[in-house]
Every structure is written in structure tokens, then in C-alpha cells.
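Report on the following structure.
Every number in this text was worked out from the coordinates using simple rules, so none of it is lab data. Just so you know, these numbers come straight off a predicted model, no measurement behind them. For neighbour counting, all protein chains shown are included, and Cβ atoms are generated from backbone atoms with ideal geometry for every residue, glycine included.
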Amino acid sequence: MHAQWGKLTRHRSSSRRSLIALTAIGAALMMLGSSVITATAAEPTAGSTTQKNVAAKSATQVADTESLHTWWHDNAKKTSDSIADDTVRESPFYTTQVASASSPDESYKSFTYMSVPRNGNGKIGYTEQDGAEFSSEAGMSMSWSTFEYSADAYVDVTLDTGQTISSADQVTIRPTSDNFEKTLIGDNTVRIKVPYSDAGYRFSVEFDPQLITSYNDNSGGSGALTTDAASGQAVSTEPRNAMLVFAQPLLTGGSASQHIPDANASNVKHVTQKDMSGLDTVDSSIDTLYFDPGTYWMGSKYRAQLPKNIKWVYLAPGAYVKGAFEFLSTGDSFKVTGYGVLSGEQYVYEADTADNYNHLSADKSDCHSSCVKMLQFESTGSPQTLDLQGVTVASPPYHTFVMYGDEDGPFAMTVNNYQQIGGWYWQTDGLEMYKGSTLRNSFFHSNDDVIKLYHSNVKVDNTVIWKNENGPVFQWGWTSRNVDNVAVSNTDVIHNRMYWNDQKYNTCVFNSSSSYLDMGATNTADTGKNFSNLTFTNTNVEGMVNCGIRIFAMQNTQSITINGFHVDSWNKLNQSAQESLFKAFTDSDGKPVSIGNQSTDRKGLLLHNYTVGGTSIIKSGDNWSSTELGRLNFDAGLWDNWDATADGQATGDAPTLELSGINDGETAATRDLPVSGKSNAASVRISVNDGDYSEVPVTNGAFSTTVNLPNVSNTVRVTAVGDNQVMTVKRYKVYAFGTLVGSLNDPKGDDNGPGSYVYPSDSAFNKGSFDLRTFSVYRDGGNIRFVTTVDGGITNAWGGNGMSTQRLNIYLEKASSSKARSTAAATAELPGTNTFTEGAWQKAIVADGRNNGARYGSGVYETGNEPSKSADVDLSVVQGNAIVASVPSDALTGIDLGNTGYQVAIFSSAEDSEGIGNVRPVFSKDCWDGLNSCPSFVHNYRFGGGLGNVADTPAHDSVTTDSNAIDIISGSQSQADLMSLKKQQVVLPFVTFAQQDTDNPGGEDGGNGTTPGGKDQGGSTASQNASGTTDKHQPAQKVLASTGVSMASVIAVTLLLLAAGGISYSMHHKNEN
């Protein structure tokens, strides 16, 4: 079977070694040459590095000694391209040799396997994304070598790329906590001393010349990965060609008999290549399939559906099986054991068994039930067990492991020394730990949820994880569950490439995702279910990571402990992408789940010894909030339900701290904000936007200073430090847009176009999030800021730049006299709007969070038959409901911003393929209801109440006379009349600030806007995070109306204008408390 074999059994005293096997060994030994002695250095101390400038020599034989066992494939090929069925891919980048520490001069070769993205074949039968784009384009690969040992060993890893190093310090062994001794041999080989452990070791060997950094290019909402440093923000650093070593314990005694079948037993079938297409019909007297060392393949159009009599598959060390196994039996016990390899390299991504193993067809949403899984089992609800030991699963085309039927089983898995390699594709999850399962001493390279904790009484220990882009490390969400007693310990995340530049629901290290049915919905909880007693101990993240924790609780939750969570550093993405979130959902009736109280009962969420860059993050300190080192942005209503503590933190009474001149959520009149207060602390310090602290002198218990607010959204942190080092911290979110030019208001509840438009049913389109309330213009140095608020919160469900579903258009009127304006011809707005302005416009400003780089993405546009983009727009969403579009002042040169007319309209944002001009059409109510052969996506993701149906035209709409605007600012004119479906053209007026003051269309409540989320919000408190997380012990502060202007700013502007000699126009303004 094309393998040189070092040892056929797991213990030397076994009497089951067959004559055939002994004969094979004898023949193999006759073929082997003598070993070559490798130069060694004097033994260094633990964790040290030494250098030996002697070239490494190549071993020519495999090991078969009392303490060491290696193997080889003589049918190997060194290539990154596609390979033949009967060939094993050998790494062209690395060579591995192993020696016993007691006989360091006797080195043995150990085969170095390799997995490459898409198995060197490219995309077969599809063109859509599969998750392997970046790894393929970057030329990445993953090599590995496995050996068995029972005593300390030396492992020599040689870099065969032609690159050289001059010091062993240019090689990193991860996890770094292994602290292995390493020695440089020559200029391209590192010698690593691996101590014996009955748990084995799984580690990465990383040569500096192989390291590359990936970046997020900031395209679209989430961005895309690139290796171009000039294109974006750093996400991760890892070897282009990875090299892993799996040092496995040599099985003896009872462990050997448990995991290695009797090769001569009558119930054991030794599989040959001739058997590989007929494994569905194995004789009923056989219950065990034994794969001897060698190469086997099933082909791309078959996976073995093992008959009910098969309970055990054994992959001997040196066995390389290309295929997948589905166990049809619902028996009570199964085994998949051995240090061999099960590879999915012959299957295409999402190989659908219901369609001749072709890639999932476009007319199917998923193939969860029919795609090839590397290992698949069935459960009827009766107790079952699985012993999964030693196996390496490589290059999976989809999920590596599933169990169908009664998922709560119990299906108790005992998993040990398991490896997953080459998880390039999306959906290459790790393992779901079923009820009563244990996972120990394993390695995962995965591009989706790695370890799934959906069931009770689970233990996970000593795991090494290499994380690709998709999904989190630990997942226990997606639906409501009843789970209790889960313990995870000693996890090393040695690399991760989670790069999303927005707030995904299913990412970070620890994650309980929102519902898979509607990820943006917050009313998907089941208050009758409970999740409790989940403990993570000693989780280490090496290098950069995107975020730590995102918990969207969809069931009652208590007693979650994360003890010893250590992060080297955050990646270089936006702070909002790095935030940890903790939210409690409601059921469909609005009843919230209950979360355990950590303050009183110690049954909430506890973060203990959570560190970033070696610095402890504690709740009573000044570094935990969303813009600070800890990046915690937990909901304000859950203040008593969580804590962050550390060993050795300061204790005692906290100093007093009172402030004046600053309010949480306010909009400052100027960028220099006076702040004063009182404290009995020894010192007070102030930081803006997590910058350096400024010490403020405290005299007779009082202090005062002025802080500068450099950004649109600013976090001011005031910290009082007592003599005992205990802190009192207050945090404030303060907005600074510049000097107000003027404001317009719009009534509440008119986000229905002509009166008939209805929202899509998907929660991404939350009610009120298209309901325009205020529009304000500010001058701010070299920028003009257009600030538009909506009545509902902007959820950004699809990860755009601040928003996903909204598309805001602002048209600036071309200067003309009032008489000319009244008789002006209608001018088409931007393509796809189905809307006109009353008279000509000279500039159009577009704010769209999803279409950067598109023909009509965010930007400033010039009028014309084909409007052209003349300047960029910087988009941000603040206060939860305020869209800020910032434009360079010189892009609007010559425009009198105080006197020009504005037409403001909000549309539904579309990708390029969904409508003209990145605008989604509004369809008829019948179409929205599913009539007229309209597809279901209309009801879920399109506005209804217009005129047309889905059509195969560029507009995707059979009627284009109805405006696609959801809401407009129309001044004193009736929006319903202006947008009437009876009109052949919807022509909208320009509104000036002077008209606004005269018309005063303040809405049904007479107000001029709303606070974030459409409600009055409580304000700053002690230990409050940047997003408004509140300590109930401090009174809430006043929040200014989301017009974005304080009364002080109105007075200041008024006085300045009066001093200048008059007011050219008046601004209507009202504060809400």
C-alpha cells in the first residue's frame, strides 16, 4: 500500500503481530539504508536557544524502536497542484526528522504531509465565494508531521524554500507556553526538544522568513483580506506555509488494546483499494474495518455509507484514506481510532450527495443534510458512545463531524489526540460536543465554529486552535438551549484570521450567536430554557484578535465564568469591530430572558484575570469600556449581571467624584469643553478618546480644566484615584459636529412614502429606522457635516459602515431666484430613485454604508445625465440613530449653505445586482404579500405598497413611476400628496432653513427629533462605558435632543450673529429633556 512501516502494533509485548506483518518488516528493513548522524549541540537549558552552524544531514530510514515510531510514503509527490488518486501530497517546504533524546545521533525521517486550499484544483463547478479565496490567492499551505513516542525526543524541522535564518530566535514554537528548547542547525534547520507527555504535543514551527501579515482592505462593510500593507489595517501575522508537529503518545497496555483492534480477529476486515467502492456492503460478520499503512481513495463521487454491522474504523499510522464515512448503525458504541489520516481532498466544496456529489446548486439554500461530512453518525435517543482517538482529518469539504437524529442523544464522545488540518473552506467547523462528551489533547484548523458547546455535562481540555476567518472559537448560540455544566480549560489560540471590520453576530473567541433564522432580531428568545454553569479556564490568544466576547442570550442564563482570558493584542481594525457585547433578548411577546445577578448572587457573567497585553481589566478600574483596552460594551441594563475582577486588585473605599459642565450624550457647542468637579481623591485625571491622561490638580476638594474634543464622537473619562489606589471612574460620550448652520425637522411616523409603503418583515429593517426626524448642517474647520436623525435605532444588521439598510440622499438646490424656483422644471435625482426635484440641483450627497467602491456609493455627485462623483463622504453613525455625512468644504465651494434649499430623502440600500443606482425598488403590496409570482425575498427584504412587481429588467421593477423614497423632508407640503401613486412623476420640493422656521412641521408631538433609539435616554454614571452602560447608583444625566445642539450652543450662535449686525434667517430649535 505504498508505505514504509515502522511499527504495526501499539505495544511491544503484543502477541498479535502476524507473520505477514513480520515478513513485511523484514523486507522493508532490507530496503532501508543506514541512518545518518545529525550534528547536535550540548544540551541547553529549558526554553533556551542555541546555535550550531553545522548543516543538518538527511535521515534515510523510519523509526521502529521501543520509544519512537515514524512512517513514510514512497508514492508521494511534492507539489501544490492537483495530484493523482494514488498519490500522497508531500510538503515541498519542510522536511522532518526525529531522534530519541537518549540517542540524539540516530535520526529518523518522518513523513511531512501537506494540505493546500481547494486541494490544488481551483473552483470546480462554481464561481461563488467559498471562504478559501484569501488563503488560495496568498499561496498558503499547511504541512504537518506525526510520530509516536514514549520518551523525550528531538525533532529537526528544515525549511526547504531556500530561505535562511541566522539564529534559533528567528523560529517561534507555538503555543509559546510549551517553552521548548530549540537549537539552530546550519542555516535552515531548527532542532526542538520535545519532552514526553502522555497527552502528546501539538505545536507550530514558524520561521520568520515565512511570516506574512494579512490586512482588511476596508472595502464594503466588512472589508476583504489582502496582503497589501498599503491597502488596510493589520489583522493577523502567520506563516504563509504553516508547519505543524503532532507528537503522539505511543500506546501500550490497556490503552493499546482499547484503541487498536486485533489485526487477526475474524470480525476484522483489512481493507484494500479494491474494497473502497464497496464499503456499503461489508459482510455482516465484520464489525471492524482496518486500514493498514498505505494509500486509499474513494474518488470524488462516493463516500462510504457503512452498513449497520460496522462499529469500528481503524486508521493505522501511515494509513492515508481519501474519502468520508457515514455510519448507518444506531448501535450503542462506535470507534474511529488510529494515527492515520482521513482526507476530504477529492471532494468539491459543499459536495452534495443528492446531486452526484457536485457543488451545491444555486437553487438550494444549503446542503446541511446532504453534503459530504467526513464523519457522520445517527442517533435514536438511546445512549450511545463514540471513541474518537488519534485520527487526523484533513482538507474537509464541509463540516468535519455531525450526528443526526436526537441531537441531545445522549451521544457521549471521548475524543483524544484528534487533529483537524486544512480547514480552508467556510463551514469547516470543528466538533460539536454532545451530551456527556470529553475532548482532550487536540488540534483544530477551522474556518467556522471550532468547538460547539450545545449540550450538558461536557469537558474540554488542552486544545490548540488555529482559527481562520469565519465563526468564533467557542460557540453556544444560534438557538435557545437547555444546557448545564460545561467546563473548558487550557485553550491556546495560536493564530486567527477573523477580520470583519464590523460587528458580526458570530465571531470573537467566546460567542453565543443570535438566531440563525434572523440574526438581527432580538425577540427570538425562549424564556422557558436555561443555560447555566459554563466555565472557561486559562484561554490564551497569541498575536492579534478581533474581539473577545459576544453573548446574545436567547435563554435564561446564569453562572458563566471566564477565568484567565489572556489576549496578546487587538488587531488594527476599528474599535467598534473589536467590542465585546452582552445582550439579553426577549421572546416574541417581549418578555426578556433572566440573567443571573453577579453583584449580589455571584451567578452572572464573571471575567476573572482577563488581561490584554499583560494588563488586567477590572470593572472598578478605568480600562474596561468599549473605547478602552478591555473593549467591553455590555448593555447598560445588565450592569449588575457582570463583573471583571483580578487577583491582587486594589480594595477599600472608593473616592468621591462629582462633575459639572459635562453631560453624557450631549452635543458640545465648541470643541473646547470646560469641565469642573469635586473629589476627596488624592488625584484626578482626564482622558479623551482613550488617549494619554492629563493630571488635574485637586485644591480644597475641587478641580477644573478644559478638554478638547477632536472627533465627531468623543469619550471623556474622568478618574479619581484614592490613596489606596481604588478608583471612581465616570465616562461621558460627547459629540462635536462644529458650528451649526441650520436645521430642518420632519414629522414622526411618515416613513411610509405616499402613505401606503410597508416595511420588510426581516428585523434588519426595524420600524422607525427609515423615519426621518431632523436634518442639520454644521461647519467644522475644513469639513461640512450633514447630520440626519431617524426615529428608530440603526442596527447595522449586515455589517455595513455604520449602517446596512439605509441609503440617505441630500440634494443641494442650484442657486436661483424665488420666482424661478416656483416655475422650475423637474430634475431627475440620482438613478434608481424614481424621484425628481422641483428645479435643478447642483450637488447630491450620498451616505450608504454598504456600497463603497460602487458606481453610486457614498460620495458627492455632480448633476448631469450620468452624475459623476467629485468627492468622498466620510460616513459615521452616532447616538444610535444619527447619520453623519462629512464632506470636505472645498467640495461645496460657492454654495451658501445657510440659504440654499435641501431635499433630503431616505431609500433602501441595494447591492449592484439588486437595483439601479444601489437603490432597492419598492414593490406593490400584492407582490409583497407573495402574489403575482413574486418571490419570498420581497416580503422579507423589500418595501411594499408601491405599484410594480419583480421584473427581469435593470430596475428589477415592472413600474418605475412610484418613488423609491421611504421618507422625505417636505417642509409645509404634504408628503402623501407629493408622493401620490397616481402621479407620473414624483417631484419633491427643496426646503430652506428659513422655510422650516416659518412652516414649523414639528410633527404630531410638536417635537423636533428624538434621542437615540427614539426614546429619552438616561445618561452618565460611575463606571459607565462609552456606549451608555450605566451604574444604577449614579443619577442619570440629561441627554440633549438628537438635533445635536445644546441650548448653550443656540445662545452662543445667536449672540455671535447679533454681534455681527443681524440675523439673516432664524433657526427653530427645541431641547428635549
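For every other residue with a beta carbon closer than 15 angstrom to the beta carbon of Gly405, add +1 if it is Lys or Arg and -1 if Asp or Glu, then tell me the sum. Surrounding charge for Gly405 is -4.
Shape of region 817-932 from the C-alpha gyration tensor: oblate (a/c of 1.5 or more and a/b not above b/c, with a ≥ b ≥ c the square roots of its eigenvalues). For the chain, the longest principal axis of the Cα atoms and the long axis of helix 19-31 meet at an angle of about 80 degrees. Taken one residue at a time, the phi angles of region 800-807 give Karplus couplings (6.51, -1.76, 1.60, θ = phi - 60°) of x, 7, x, 8, 10, 9, 8, 9 Hz. Gly and Pro are set to x. Please give the Cα centre distance for region 194-212 versus region 357-391, rounded to the nearest Å. About 31 Å separates the Cα centre of region 194-212 from the one of region 357-391. By its C-alpha gyration tensor, with a ≥ b ≥ c as the square roots of the eigenvalues, how is region 739-1014 shaped: rounded for a/c under 1.5, else prolate for a/b larger than b/c, else oblate? Rounded shape, in that the Cα axes give a/c under 1.5. Per-residue ellipticity at 222 nm from helix content only, as computed over the chain with -39500 (n - 2.57) for each DSSP H run of at least four residues, stands at -1500 deg cm²/dmol. Neighbour counts of other Cβ atoms within 10 Å put His69, His270 in the fewest-to-most order His270, His69. Summary: within the chain, the longest segment free of GluC sites (Glu not before Pro) located in DSSP loops with at most 13 other C-beta atoms within 10 Å is 129-910.
Our coupling estimate for region 827-836, obtained by passing each phi through the Karplus curve with A = 6.51, B = -1.76, C = 1.60 and θ = phi - 60°, is 10, 4, 6, 4, x, x, 7, 6, 9, 10 Hz, Gly and Pro reported as x. On full extension, the segment bounded by Ser761 and Ser972 gains 72.8 nm, given 0.36 nm per residue less the C-alpha separation. For Lys311, the lysines whose Cα falls under 29 Å of its own Cα, not counting residues fewer than eight places away in the same chain, are Lys7, Lys269, Lys274, Lys301, Lys322, Lys335, Lys373, Lys435, Lys452, Lys459. As a proxy for reagent exposure, ranking Lys274, Lys603, Lys925 by other Cβ atoms within 10 Å from fewest up yields Lys274, Lys925, Lys603.
In terms of surrounding Cβ atoms within a 10 Å radius of their Cβ, Val116, Val959 rank from fewest to most as Val959, Val116.
Amide H contacts under 5 Å for Cys371: Thr353, restricted to partners 5 or more places along the chain or on a different chain, H placed in the peptide plane at 1.01 Å from N. Taking Cα atoms only, the orientation of helix 1047-1059 departs from the longest principal axis of the chain by about 50 degrees. Restricting the trypsin sites (Lys or Arg not before Pro) of region 74-139 to loop positions (DSSP other than H, G, I, E, B) with no more than 16 neighbouring Cβ atoms within 10 Å leaves Lys123.
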